[in-house]
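The values are calculated or read from the model by the stated rules, or taken from the named source; none is laboratory data. Keep in mind that this is a model prediction, so the values were computed, not measured. Glycine gets a Cβ as well: all are built from the backbone with ideal geometry, and neighbour counts include every protein chain shown. Ligands, DNA and RNA are excluded from the accessible area calculation, which covers all protein heavy atoms including side chains. Shrake-Rupley method; radii C 1.70, N 1.55, O 1.52, S 1.80 Å.
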Amino acid sequence: MRMTYTSDLWWKNAVVYCLDVETFKDGDGDGIGDFRGLTQEIDYLAGLGVTCLWLMPFYPTANQDDGYDVTDFYSIDPRLGTLGDFVEFMRTAHDRGLRVIADLVVNHTSDRHPWFLAACEGKDAPMRDWYVWKDEPEPDPQQVVFPDQEDSVWEYDEHSGQYYLHSFYKHQPDLNMGNPEVRDEISRILGFWMELGLSGFRVDAVPFLIENVSPELGDPHEFLEGLRAFMTRRNGGSVLLGEVNLPYKELTAYFGDGLGDQLTLCFDFTAMQRAWLSLARQEAAPLAAALRDRPKEPKDAQWAMFLRNHDELTLDQLGEGERNEVFQAFGPEENMQIYGRGLRRRMPGMFDGDPRRMKLAYSLMFSLPGTPVIFYGEEIGLSENLDVEGRMAVRTPMQWSEEGGFSPAEPVRPMPGGRFGPEHVNVADQKRDPGSLLRWFQLLIERYRECPELAWGDHAVLDAGHPSVHAHRADAGGATVVAVHNLCDQAAQAELALDDLAGCLLTDLLVDGTVEVPAAGSVRLPLDPYETRWLRVSSRTKPVEDASVKSR
């Protein structure tokens, strides 16, 4: 495969870092994170090696759903700063070479948004058709996304005498994407923030965004095509990163049915969930099967790889028995689970603080085909706080020092305690420790960025000769990386058939070591518990009869 590197395809090998301004760093001492605090830490993020920041909602909000209930799409939540603070943050980020994308939450608004208040004035109100209304909707409990909070997706508005649709909470009425006026307004929202420097948007809950478009108004996916086309006209390198939690056969339509003219990147929820099943079983087969089944993305699109995000760690694509296996391995207590389908935990707690397992998991994620996406604090082992309700358990304040370092005031949310508290887990200490998780992240990001074949290449799952070892290779432009991960707590030996690499010298990118591929093309790799190897073809030598690790 010939690789063509152009700046408008920056997202192909980006490293995306998701953060909540409210919980990242307080710059004015009121206990709430803000854009001034975030701007102060831009150099930290640039030094980590990330290339793109994804901002969770920062718009004015009724604050009933952590910012996802927007009351004004054209401004900044005053708790987080001003538009001036935002522009200064953008200038600083761009100065350090960082791109920025933001959450686009336009499948609904807050019920306090002026649009909805105007729509509720009556059935003949000018903005009535900006939302979805029915006189007597049919009940459908299967549509309820948050069964612990809602029992229907319809809510009665007494003033106007009809029910309005809310795919999520009753205080978040759905916008009517079948209305051309709504579509035009969304384009204006995108254009406004792009003029202030954004390079794109992460689109929230994409299937819900287009599901209420009536077929007589055309293909619902035309809305996504229109958004992508609008953004490309404004900025050829802009992106739409889509949250589409669907099986592969249904998901590919959101790329654009082979054309790549809708979403630029889609999160791979299937591989993510199968990866957790593999980690729970300590067997490579579930993840390997998902990667073999995964369709090739269009040329102008990409998969986004992640192990968890800002919500619950959803396991809804697993069977009930499989889901229970993951629950038992990583969240056996009822308080650790949520909605019956996911976990409200971060990785340190799930792995009982074992640094070997955390380093293995992140090495696996960075080596898998796609653009890696990480959630703030993962690089230091930030844990959850199960004393906080619901999904907020994983959105804890960033821990900068032994004292916390997030704010001189009481933080907006409590930090974890015990062995995961800031006195044990923080940025300052890990910067001074060459063996820390933070330094491991920096190494992984550096190596990932040095190996474009991981992002741009053709990928193949390899038979590793051991059920607990996951192995795959990436090839592009004459370059090859072979990644090998031992998922279990016992030593294992992998045996890889690399016939086409016979005579090559493989250099380990994560530790000192080389492997010579013998004439027979079979390489044996002894692996310690949870050990990971990234091997890159560095030169060709005279074939040898047998080979394993030459130096470690």
Please state which of the following conditions residue 262 fails to meet, knowing it meets all the rest: (1) at pLDDT 95 or above; (2) closer than 30 Å to residue 324 by Cα. (2)
Out of everything in segment 343-391 that is farther than 25 Å from residue 531 by Cβ and among the acidic types (Asp, Glu), what residue ends up being farthest from the chain's Cα centre (by Cα)? 387
For residue 545, which of the numbered conditions (1) surrounded by fewer than 21 Cβ atoms within 10 Å (Cβ to Cβ); (2) at pLDDT 95 or above; (3) farther than 16 Å from residue 493 by Cα fails to hold? (2)
From the set of residues in segment 96-125 that are in a loop (DSSP other than H, G, I, E, B) and more than 22 Å from residue 69 (Cα to Cα), which is most open to solvent (accessible area, probe 1.4 Å)? 124
Tell me which residues, restricted to segment 126-139, are open to solvent by less than 90 Å² (accessible area, probe 1.4 Å), assigned to a strand (DSSP E or B) and of a type outside the set (Ser, Thr, Tyr). 133
If we keep just the residues of segment 289-306 that are aliphatic (A, V, I, L, M) and open to solvent by 10 Å² or more (accessible area, probe 1.4 Å), which is farthest from residue 255 (Cα to Cα)? 289
Among what's in segment 440-475 and is open to solvent by 50 Å² or more (accessible area, probe 1.4 Å) and outside any helix (DSSP H, G or I), pick the residue that is farthest from residue 522 (Cα to Cα). 458
Output yes when any residue across segment 5-12 is among the small types (Gly, Ala, Ser) and on the phi > 0 side of the Ramachandran plot, and no when none is. no
Residue in segment 5-32 that is least open to solvent (accessible area, probe 1.4 Å), counting only those that are assigned to a loop (DSSP other than H, G, I, E, B) and over 25 Å from residue 439 (Cα atoms): 31
If I go through segment 156-205 residue by residue, how many of them are in a helix (DSSP H, G or I) and among the aromatic types (Phe, Trp, Tyr)? 2
Taking into account only those residues within segment 274-288 that are farther than 22 Å from residue 457 by Cα and part of a loop (DSSP other than H, G, I, E, B), which is least open to solvent (accessible area, probe 1.4 Å)? 282
Tell me which of these residue 144 doesn't satisfy, since it passes every other one: (1) more than 18 Å from residue 70 (Cβ to Cβ); (2) hydrophobic (A, V, I, L, M, F, W, C); (3) in contact with a helix residue (DSSP H, G or I) (Cβ under 9 Å, 6 or more places away or on another chain). (3)
Test: residue in segment 171-180 that is modelled with pLDDT under 95, touching a Gly at 6+ places or on another chain (Cβ under 6 Å) and open to solvent by less than 70 Å² (accessible area, probe 1.4 Å): no
Mind listing whichever residues of segment 145-168 are under 19 Å from residue 106 (Cα atoms) and under 28 Å from the mean Cα position of the chain (by Cα)? 145, 146, 153, 165, 166, 167, 168
For residues that are in a loop (DSSP other than H, G, I, E, B) and either within 20 Å of residue 366 (Cα to Cα) or not aliphatic (A, V, I, L, M) (or both), tally how many sit in segment 500-540. 12
Pairs under 6 Å by beta carbon, first residue under 15 Å from residue 45 (Cβ atoms) and aromatic (Phe, Trp, Tyr) in segment 85-103, partner open to solvent by 10 Å² or more (accessible area, probe 1.4 Å) and outside any strand (DSSP E or B), six or more apart or different chains? 89/39
Hey, among 513, 478, which residue is surrounded by fewer than 23 Cβ atoms within 10 Å (Cβ to Cβ), small (Gly, Ala, Ser) and closer than 23 Å to residue 437 by Cβ? 513
Just checking, how many residues over segment 401-433 are among the acidic types (Asp, Glu), farther than 21 Å from residue 352 by Cβ and outside any loop (DSSP other than H, G, I, E, B)? 0
Please enumerate the residues belonging to segment 392-438 that are under 24 Å from the mean Cα position of the chain (by Cα), of a type outside the set (A, V, I, L, M) and open to solvent by less than 30 Å² (accessible area, probe 1.4 Å). 395, 396, 397, 399, 400, 406, 413, 416, 426, 430, 436
Does residue 251 count as without any contact (Cβ under 8 Å) to a residue 24 or more places away in the chain and crowded, with 18+ Cβ neighbours inside 10 Å? yes
Only one of 160, 199, 187 is modelled with pLDDT of 90 or more, out of contact with any Ser or Thr (no Cβ under 7 Å at 6 or more places or on another chain) and open to solvent by less than 20 Å² (accessible area, probe 1.4 Å), namely 160
Residues of segment 314-332 being open to solvent by 50 Å² or more (accessible area, probe 1.4 Å), within 17 Å of residue 269 (Cα to Cα) and out of contact with any Gly (no Cβ under 9 Å at 6 or more places or on another chain), which ones? 317, 320
